[in-house]
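Undergrad: Encoded as structure tokens, here's the structure I'll be asking about.
Rule-based calculations on the coordinates, nothing more; no lab input. Nothing here was measured: the structure is a model prediction, and the numbers come from that model. Neighbour counts run over all protein chains shown; Cβ positions are idealised from the backbone, glycine included.
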Amino acid sequence: MLRYLTAGESHGRALTVIVEGLPAGLPILAEHVESELARRRLGYGRGPRQRFEEDRVTLVGGVRHGRTLGSPVSIEIQNSEWFRSDKWHAEMSPEPGATEFPLTQPRPGHADLVGMQKYGFTDARDVLERASARETAARVAAGALAKQLLSHLGVGVLSHVVRMGDAAAPSITLPTMADLAAIDASEVRCFSKSGEDAMIAAIKAAAREGDSLGGIVEVIAHGVPIGLGSHVHWDRKIDALLAQAIMSIQAVKGVEIGDGWEVAGLRGSQAHDPISWDATEHRYVRDSHRSGGTEGGITTGEPLIVRAAMKPLATLNKPTLKTVDTLTKEETVSFKERTDVTAVPAMGVIAETMVALVLAAEAQRKFGGDSLSEFVRNATSFRATLES
Ligand code: EPS
């Protein structure tokens, strides 16, 4: 079983992730992880913090001479702000003490108030430091390892922004892995120039008013093996696993697999992907991609398509959201933190990560193997059984 656990607070010393269940012999360099983390920092509309967070990575355990050992891989990502100044040292100190600046005006839509209620805190910072999307840097580090593993099966995962606020990208053919560099070169990670222009204009307009924007990203996994996930149990269905993984991303409120919402309005005769036999390739193919690459909770081998809808961030540069001060119970507006106008382009990279982690875990479950060569051999031999 591939599993992982992250730890760390947004303005603390560092984030940590432990990834367990990777086969031995997987080539891993700190640069692989750092380049994925750099992609996560991309995006027009992010706040000043992304310019100075360098996401410096240390491979603490589980990797020797550039290869995994089969033991848990432990990665530390320093929060560079912690080392640049002592601004957060007292505020986030693990030593006994108390803050002089409790946050008591919880932001509607954030974990602040319910977190304080649930855990008995009087300072919203005790909640928001962990609820912050900074935590996703640790997930992206784990996802970089998952992507490395998947690359040995010929699987590639990409994402692109299809909507930012009310600015939508025109419908296009599915991007391939060869398009990823162009998508990453776009300031909003949009695959269409007209879409990019409209999205940047929307972000500028929201920024002028101190407001925030949500949006939708599409994740596509190419080369996914047939047979990941299972129809036999609710908690083994690949689409259910993907939905949970995507919904766990901060501020995501909707997940769609394939044309999920659109097919609900079609007739059965129109809503499904007809099956054909490709005599040259010796495999079944689907004539369309409406199901998003899963049927019955199992991957079909067609491109896997998952969309994630993110709500506008609850932290606004011009606080206008009505709330209540938890000390005085008086009406006020939510506190102002340094923040981003939008994090939708970064969320695309995080959604890629979550899809890669689910696929890698399920590939490991199906093909097993303690070493990378055993894992690949098992996958190759299973694939051979399908070609007749
Ligand atoms: C975040 C607010 C901003 C973001 C942060 C998430 O941080 P700060 O208030 O420290 O400027 O930059 O995201 C990251 C640091 C990151 O690496 O993604 C929030 O409110 O969740």
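Undergrad: Give me the percent relative contact order of the chain, please, defined on Cα pairs under 8 angstrom at least 6 residues apart.
TA: 22 percent
Undergrad: Return His231, His160, His152 ranked ascending by Cβ neighbour count within 10 Å, so the fewest neighbours appear first.
TA: The order, fewest Cβ neighbours first, is His231, His152, His160.
Undergrad: Over all directions, the average projected area of the alpha-carbon convex hull for the range 277-388 comes to how many nm²?
TA: Mean projected area for the range 277-388: 12.6 nm², to one decimal.
Undergrad: Still on this structure, I have one more. Restricting to DSSP loop positions (anything but H, G, I, E, B) with no more than 16 other Cβ atoms inside 10 Å of their own Cβ, which GluC sites (Glu not before Pro) remain in the range 82-175?
TA: Of the GluC sites (Glu not before Pro), the ones in loops of the range 82-175 whose Cβ has at most 16 other Cβ atoms within 10 Å are Glu91, Glu100.
Undergrad: Ratio of the range 105-154's C-alpha Rg to 2.2 N^0.38 Å, to two decimals?
TA: Cα-based Rg divided by the globular estimate yields 1.70.
Undergrad: Then there is this: Under Stokes-Einstein, with the Kirkwood radius over Cα pairs standing in for Rh, what whole-number D in µm²/s applies to the range 92-176 at 4 °C and 1.567 mPa s?
TA: 76 µm²/s
Undergrad: What GluC sites (Glu not before Pro) does the range 213-289 have in DSSP loop regions with at most 12 other beta carbons within 10 Å?
TA: Listed in order of number, the matching sites are Glu281.
Undergrad: Mind checking which lysines have their C-alpha under 22 Å from Lys318, skipping anything on the same chain fewer than 8 residues away?
TA: Filter leaves Lys204, Lys329, Lys336.
Undergrad: Provide the packing ranking of 19-26, 301-308, i.e. peptides ordered by the mean count of other C-beta atoms within 10 Å per residue, highest first.
TA: 301-308, 19-26
Undergrad: On a C-alpha basis, how far is the centre of the range 47-69 from the centre of the range 243-313 in Å? Whole number, if you could?
TA: A separation of 33 Å, based on Cα centres.
Undergrad: Can you tell me how the range 240-288 classifies by the Cα gyration tensor, rounded, prolate or oblate, using a/c under 1.5 as the rounded cut?
TA: Oblate shape, in that a/c is at least 1.5 and b/c is the bigger or equal ratio.
Undergrad: Take the chain, connect every pair of alpha-carbon atoms lying under 10 Å apart with a spring to form a Gaussian network, then pick out the residue of Pro48, Pro94, Pro170 with the largest mean-square fluctuation.
TA: Taking springs between Cα atoms under 10 Å, the residue moving most is Pro94.
Undergrad: Over 34 Å apart: what share of the alpha carbon pairs of the chain falls there, rounded to a whole percent?
TA: For the chain, the share of Cα pairs beyond 34 Å comes to 32 percent.
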